[in-house]
Amino acid sequence: MTTLYPWLEPIYHQISNAFSQGHGHHALLFKTDFGLGSERLIDAVASLLFCQESEKPCGHCHACHLFSAGSHPDFHLLAPIDNKDIGVDQVREMNEKVNQHAQQNGNKVVMVQGAERLTEAAANALLKTLEEPRPNTYFLLQTGLSSPLLATIHSRCQTWIVNAPSLQVAQDWLHTEYSAETHEILTALRINYGRPLLALECLQQNLLEKRREFLRQFWLFYTRSSPLELLPLFDSALIFQQLDWISSFLSDALKDKLGIQSNWINQDLQRGIQQFSQKQTAQGLLNANQIVQKVRSDLTQINAVNQELILLDGLTKLVTEVFEN
Ligand SMILES: [Zn+2]
């Protein structure tokens, strides 16, 4: 059995209590964000539904073994294939399977990963199935916190929202996983908006230092108005994080400009950010952040061939539309 992250335990216990008292819902919808490890929560609920022992999930019965080995015959996964939306054929195939008797004489579990990726036809086909619950058949749907999902599907499910944990819970957990100073752990959490698994990755990959160095270079780019010097420092494996770093730098500068002292993301770079903000206007900082956000969204939509051009265009706009004004 993989252990649950501490921030997932309260939700898990509520769900497991409901099932042990006989009023578990046949369709659970988990709304969640990246970096919170919610896959483990959904897996734990599936194990709970399969386990044949009284202390569920026991981790050692035949059903638990089959599920953790990824070969339980009554487990069905619906997910985007090759990054294509979940089509109606996939749902029909699943429906046929769950119409048959369970092969292990227990429950059948259907997991829908990325439920917002169901095509309309697929969502309607799934809806029919959800509207006519079959005995011993359970649906576990996962979607993003703010992803669009058919209201009718929503209304058939019991919804569980998995948010980022409190700072204290996240901080305590990171201290057990990684040896670092508290201020570094807090910075890693802040720049990842409180998501513990992303913060851990950031510490493990030494991204805090990379970020400091990158933002120093951003400062030089600003003082020298030199897009071509900053451009080669973008790393395609880190590009979205690098843009987020710049964006958080700009939004902290705006907070400074407006005299807001709380909730700074880059508290470790406060002095540099203050110096930067003194030379900007609030409107300029807002514009700068819009330019960076536009670059970020263009990069998610356009193929990587144009990556350099999009970046160069954005950096040039920062110089001509913000820094030189
Ligand atoms: Zn078991």
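The values are calculated or read from the model by the stated rules, or taken from the named source; none is laboratory data. On a predicted model such as this, the values are computed, not experimentally measured, just so you know. Glycine gets a Cβ as well: all are built from the backbone with ideal geometry, and neighbour counts include every protein chain shown. What goes into the accessible areas is simple: the full protein's heavy atoms, side chains included, and nothing from ligands, DNA or RNA. Shrake-Rupley method; radii C 1.70, N 1.55, O 1.52, S 1.80 Å.
Could you list, ordered by first residue, the pairs with Cβ atoms under 6 Å in which the first is in the range 48-70 and in contact (Cβ under 8 Å) with a residue 60 or more places away in the chain and the second is more than 8 Å from the ligand (Cβ to nearest atom) and of a type outside the set (Lys, Arg), at least 6 apart or interchain?
Sorted first by the residue in the range 48-70, then by its partner, the pairs are Leu49/Asn107; Leu49/Val109; Leu49/Tyr138.
Under 8 Å by Cβ, and 6 or more places apart or on different chains, what pairs join a residue from the range 285-300 that is without any contact (Cβ under 8 Å) to a residue 60 or more places away in the chain with one that is among the acidic types (Asp, Glu) and open to solvent by 50 Å² or more (accessible area, probe 1.4 Å)?
Here the result reads Asn287/Glu321; Ile291/Glu321; Val295/Asp313; Arg296/Asp244, each pair linking the range 285-300 to a residue that is among the acidic types (Asp, Glu) and open to solvent by 50 Å² or more (accessible area, probe 1.4 Å).
How many of the residues making up the range 83-118 are within 16 Å of the ligand (Cβ to nearest atom) and assigned to a loop (DSSP other than H, G, I, E, B)?
Matching residues across the range 83-118 total 5.
List the number of the failed condition for Gly272; all other conditions in (1) small (Gly, Ala, Ser); (2) more than 23 Å from His183 (Cα to Cα); (3) modelled with pLDDT under 95 hold.
The single condition Gly272 does not satisfy is (2).
Quickly run through the range 63-82 and pick out the residues that are in a helix (DSSP H, G or I) and more than 27 Å from the chain's Cα centre (by Cα).
Ala63, Cys64, His65, Leu66
Restricting attention to the range 56-73, report how many residues are more than 15 Å from Gln103 (Cβ to Cβ), within 8 Å of the ligand (Cβ to nearest atom) and not basic (Lys, Arg).
Within the range 56-73, residues that are more than 15 Å from Gln103 (Cβ to Cβ), within 8 Å of the ligand (Cβ to nearest atom) and not basic (Lys, Arg) number 6.
Among Leu197, Leu145, which is the only one that is of a type in the set (A, V, I, L, M), touching a residue at least 40 places away in the same chain (Cβ under 8 Å), in the same structural domain as Asn95 (by TED's automatic domain parsing) and surrounded by fewer than 20 Cβ atoms within 10 Å (Cβ to Cβ)?
After ruling out the rest, the residue left standing is Leu145.
Scan (1) open to solvent by 30 Å² or more (accessible area, probe 1.4 Å); (2) in a loop (DSSP other than H, G, I, E, B) for the single condition Ile161 breaks and write down its number.
(2)
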